[in-house]
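First the structure, in the form of structure tokens, and then the observations on it.
Read-outs throughout are calculated quantities, based only on the coordinates presented, and are distinct from any laboratory measurement. Since the structure is predicted, the reported quantities are computational estimates derived from the model, not experimental observations. Counting neighbours? That spans all protein chains shown, and the Cβs are built from the backbone with ideal geometry, glycine included.
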Amino acid sequence: MIRLEHLTKQYPSGKGIRDINLQIPYGGAFGFLGPNGAGKTTTIRVLMGLLQPDNGGARIKDLDCWQNRTEVKHVVGYLPGELHFPDYFLGSEFLELMRRMHGGKFEIQNNCKQLAEHLDLDTKQSIRKMSKGMKQKLGIISALMLDFEVLIMDEPTSGLDPLMQQVFIDLILEEKKKGKTIFMSSHQFQEIERTCEQVGIIREGQLLTVQDINRIKQMECHTFEVEVENEEYAEYLHQCGLEVYRDKGLSFIIKITGNFDSLWQVLSGIKVKKFRQRFLELEEAFIQYYR
Amino acid sequence: MNRAFFGAMFRQQRPKLLKFSTGIVLYEGLLTWVYPLISKNSAVTDIVDSIPSTVKTVFGVSPKARADTFEAFISAQFLARIWSVIIALYGINTANTLLSKPIDEGSLVFPLSTPVSRTNILTTQTAVLLSCNATLIAATVLGLCVGTFWFRIRIRYSRYISLGTLALAFFSLISSYSFLFAAWAKDGEKASAYAYGLTFGFYALDVIGGLSKRSAWVGKFSIFRFFKPQEVLEGTFDPSRAIIGLTAGSILLTVITIRIFNESDLPL
């Protein structure tokens, strides 16, 4: 459905993306992670036909994203990363304009109402008076209301509160059930982990790795921080047979692969002052690429 | 052209268009009210006759033209200089609002994410700009017609319509190169600076060209030489060729702008 082949786009400043190869099948959901300036937005702009590749190409449904950029928009719902709405509109007027520019299908209007209810947005407000979070909701509605086969979203939950981030995840899961193909860039590991099957990491314009989230989960490795009450318990931890590293003082790092039974058994024999999981699963697996 | 986009963009321009039209019509009302009082005063006509032809040219009044007619009065007081500068600046500013600003701010990404081609988006914006110019020019001509009718000043309406058509062609050319700069520079400030700079350059050439016979050749490089309101209103200049030439220039510039816009990277 989405295919990037040797995709290269360099800006005059030297930044950009280099030789990106990627394939997302029909109904697949791909999460694109990477630090700021890594090339996520550039890749998305090429997919949306806003930038012409220097080399290689991007295709959606076998349509070239630059040569057939108008046709591509018949199948893609898009949420840009930087939302600068024409602010002289009411929210509803903007959505109506988008609906009409997409051919004015009646179903879009229905979708729009439902989405506004889900996201708790009053679309009758002037865009000028909307907060960043409200504008983000408006952008999400404008991308999802079209009910297109492909969704391309650049940092979709930026500016949303945790409750709305959850609502957004639920909406994306609904879209997935309908068989949509999703390409989503994000800084939110949890959001990618819960919605995507594949995840790619990009840094300094290069795609470092693409991995299957289920495989990562199977190999999942959890890291915990444990602080014990005295040296006696510290010694006990050292000899318990788990993968234990001393952090500082009476604090330890414990790494567990597989089930947690052995950890609970060890912890039941000692007095623990502090206990916390260090990272979420995906974040733990990928944080090294961010450094 | 996309109708939905046209409607939205024209609505955005409506308040500014209304303010400009109202201002122009009110000023015309004032001038047509004052004219009967002035025309009865022969001293005023003598003063106008005594002004050197160079000074008259600078103010856009034809040296050969009669000084005692409404056409000479309205051209000197409004149409030849004030009006042409107002409409030229309005055209550049509107072109900036319709193209460079949305590119600069990034709001153009929304229309570009719809299945409406870049060519279609640009032609729609051009249509909005032309409609705004046409509305403003129509308000000017209509204001003059109503004003002269009200104060019983006899005019030839057909000549005013000819002037309106010439003005539309002339200001469309200015708007067209403003659009070209917007598509090429992709930076609102730069695009405006180029468009304002070029227009004032043409204006200055026209003024310098009118100062003496020796500098008359300079004026030939200015597009303002095609815009002669007093001569059109007095029937001494047939604007047909100028209208065709200016329109052809606008079409050519629009085609180039579409090509540039279609081939450009738009990092929105």
Checklist line | Radius of gyration and maximum dimension Dmax of region A:166-226, Cα, Å | finding: 13.5, 43
Checklist line | Residues B:171, B:226 arranged by fewest to most Cβ contacts within 10 Å | finding: B:226, B:171
Next item on the list: Using only the Cα atoms of the protein assembly as shown, each taken as one equal point scatterer with no solvent, compute I(q) by the Debye sum, divide by I(0), and report log10 of the ratio at q = 0.07 Å⁻¹.
Entry: -0.58
Next item on the list: Give me the aspartates and glutamates in straight-line cross-link reach of residue B:40: C-alpha distance below 17 Å, same-chain residues under 8 apart excluded.
Entry: B:49, B:68, B:71
Checklist line | Ranking of A:213, A:172 by count of other Cβ atoms within 10 Å, fewest first | finding: A:213, A:172
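List the trypsin sites (Lys or Arg not before Pro) in region B:93-167 that DSSP assigns to loop (not H, G, I, E or B) and whose Cβ has at most 14 other Cβ atoms within 10 Å. Which are they? Don't jump to the answer; show the numbers that get you there.
On the way: sites: B:118, B:152, B:154, B:156, B:159; in loops: B:152, B:154, B:156.
Of the trypsin sites (Lys or Arg not before Pro), the ones in loops of region B:93-167 whose Cβ has at most 14 other Cβ atoms within 10 Å are B:152, B:154, B:156.
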Margin query: Quick check: the angle from helix A:132-144's long axis to the longest principal axis of chain A, C-alpha only, nearest 10 degrees?
Written below: 70
Notebook entry, point to check: Could you state the number of Å between the C-alpha centres of region B:177-230 and region B:232-268?
Noted result: 14
Check: In terms of modelled amide H atoms, which long-range or inter-chain residues lie less than 5 Å from the amide H of residue A:203?
Finding: A:208
Checklist line | Within a Gaussian network of chain A (alpha carbon springs, distance under 10 Å), most fluctuating of A:127, A:270, A:60 | finding: A:270
Check: Using the 10 angstrom Cβ neighbour count as an exposure proxy, how do B:217, B:83 rank, fewest first?
Finding: B:217, B:83
Next item on the list: Specify the residue with the greatest mean-square fluctuation among A:129, A:274, A:40, computed from a Gaussian network of chain A linking alpha-carbon atoms under 10 Å apart.
Entry: A:274
Next item on the list: Considering only DSSP beta bridges where both residues belong to the protein assembly as shown, give the percentage that are antiparallel (nearest 5).
Entry: 65
Checklist line | Residue pairs, from the table A:73/B:186; A:40/A:178; A:40/A:132; B:19/B:220, whose Cα atoms sit over 31 Å apart | finding: B:19/B:220
Notebook entry, point to check: How much mean residue ellipticity at 222 nm does the protein assembly as shown get from its helices, if each DSSP H run of length 4 or more adds -39500 (n - 2.57) and you divide by all residues, to the nearest 500 deg cm²/dmol?
Noted result: -17000 deg cm²/dmol
Next item on the list: For residue A:255, list the lysines whose Cα falls under 23 Å from its own Cα; do not include residues on the same chain fewer than 8 positions away.
Entry: A:217, A:271, A:273, A:274
Margin query: Straight-line reach only, C-alpha to C-alpha below 19 angstrom: list the lysines that residue B:213 could link to, leaving out same-chain residues fewer than 8 apart.
Written below: B:56, B:64, B:228
Note to self: For residue A:79, what residues show an amide H to amide H distance below 5 Å, using hydrogens built from the backbone and excluding near sequence neighbours?
What the structure shows: A:152, A:153, A:154
Notebook entry, point to check: Which entries in A:124/A:180; A:113/A:137; B:101/B:190 show an alpha-carbon gap greater than 19 Å?
Noted result: A:124/A:180
Next item on the list: Send over the per residue convex hull volume for chain B, Cα only, as a whole number of Å³.
Entry: 121
Check: Roughly how many Å is it from the Cα centre of region A:10-47 to that of region A:98-127, as a whole number?
Finding: 29
